[in-house]
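This report refers to the structure that appears directly beneath it.
Derivation of every value follows stated rules applied to the coordinates shown; laboratory data play no part. Small disclaimer: the values here were computed from a predicted structure and weren't measured. Don't worry about glycine lacking a Cβ; one is built from the backbone with ideal geometry, like all the others, and counts go over all protein chains shown.
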């Protein structure tokens with residue numbers, strides 16, 4: 001009997017040890033999901049709803065922002081040069097509302113906790129991950145991303161997704177200049193210009209992925225609406241983009257009520273197709289654009305649950321250089337595709 005008890009105790013000990021040493025499955029925080037959201041039908045599918053952002057003061061909202069870029073460019077001159085680039089850029093962001101006023105205007109502290117970049121260009125591989133990339137030369141190469149990590153800025157946005165203000169980006173710029181060694185060599189005007197470029201060219205486009213402009217009126221299944229964007233110059237053309245939206249269905253994720261929307265874009269392009277610079281005549285074909293996507297807006301939480309957007313830009317132009325000594329002709333053909341993913345974690 002004693003022998004049996006010893007064997008039983010030994011067996012239990014072994015089982016217990018094996019159980020305690022089971023490997024813990026590591027979750028990849030950068031593992032994005034391109035699939036659509038699994039939903040269930042709403043009990044009131046035809047109900048009219050008001051789309052509004054209503055983030056709670058003091059609560060953390062974590063997002064993963066992923067951009068997948070595929071670009072092919074062919075340059076033909078004396079020789080033919082083809083460049084193929086594939087890039088995946090991922091930001092992990094934490095949003096914490098620090099104030100919400102009586103009109104629903106939210107002041108939100110926006111922090112990038114992690115960034116990862118992987119790219120391949122004609123067989124050359126590029127990699128950066130915050131906290132993992134340590135080599136000083138690599139840090140300098142990716143200083144733009146390194147400067148963004150844990151340097152929060154603040155936005156003010158209303159309940160319709162309109163950004164009213166973006167400020168406190170100074171620490172991010174200071175870190176960037178420190179990494180690049182330019183802190184003491186730039187004038188105040190140059191620093192101001194860099195700050196504007198940082199805000200307008202980097203931070204605002206990332207924020208706009210989470211805060212999409214919403215209609216002021218109630219919407220329901222099959223409702224449509226659109227927002228016209230300010231005209232912008234692209235090469236020799238003026239482009240006028242209009243974002244279009246449709247309310248597909250009212251659904252549920254768990255107990256949360258979700259508005260499933262689709263979006264697209266109409267583009268009006270105007271302007272002359274020729275341009276001359278330093279004796280070189282450029283002749284452009286009108287760019288071809290395409291954009292479509294879907295948004296799952298969480299009505300219960302008052303924020304975007306998940307969104308996916310695809311854009312494609314195709315362009316082509318020729319170059320004709322004539323001087324007293326030589327004539328040279330060439331052309332460039334480019335196709336750039338982007339997939340943008342927004343995921344509430």
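Okay, here's what the table says:
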item	result
Highest-MSF residue in the chain out of 107, 138, 190 [GNM, Cα springs under 10 Å]	190
Crossing angle, helix 2-20 versus the chain [Cα axis fit, 0-90 degrees, rounded to tens]	20 degrees
Pairwise Cα inverse-distance average, inverted: Kirkwood Rh of the range 50-109 (Å)	15.4 Å
Of (1) 1.03; (2) 1.28; (3) 1.10, the label for Cα Rg over 2.2 N^0.38 Å derived from the coordinates	(2)
Size descriptor, Kirkwood hydrodynamic radius, that averages inverse alpha-carbon separations across the range 218-325, Å	16.8 Å
Calculated FRET value between residue 48 and residue 195, using beta carbons and R₀ = 35 Å, to 0.05	0.25
Between helix 170-180 and the chain: long-axis angle, C-alpha atoms, 0 to 90°, nearest 10	70 degrees
Potential lengthening between residue 34 and residue 83 on full extension [0.36 nm per residue; Cα-Cα distance subtracted]	15.1 nm
Relative packing of 301-307, 275-281, 65-71, which averages over residues the other C-beta atoms within 10 Å, highest first	301-307, 65-71, 275-281
Among 150, 241, 103: highest mean-square fluctuation, GNM of the chain, C-alpha pairs under 10 Å	103
Residue 273-residue 71 FRET efficiency (beta carbon distance; Förster radius 22 Å; 0.05 resolution)	0.45
Max mean-square fluctuation residue, GNM over the chain, Cα-Cα springs under 10 Å, options 298, 124, 248	124
Sequence ranges 251-258, 170-177, ranked by mean other-Cβ count within 10 angstrom, highest first	170-177, 251-258
FRET E, pair residue 328, residue 126, Förster distance 30 Å, beta-carbon r, rounded to 0.05	0.40
Global form of the range 80-226, assessed from the alpha-carbon gyration tensor, a/c cut-off 1.5	oblate
Label-reachable residues, the range 284-316, where backbone N falls under 14 Å from a point 7 Å from residue 231's Cα toward its Cβ	none
C-alpha long axis of helix 188-198 to longest principal axis of the chain, angle in °	60 degrees
Simple spin-label estimate for residue 183 and residue 252 in nanometres, 7 Å along Cα-Cβ	5.6 nm
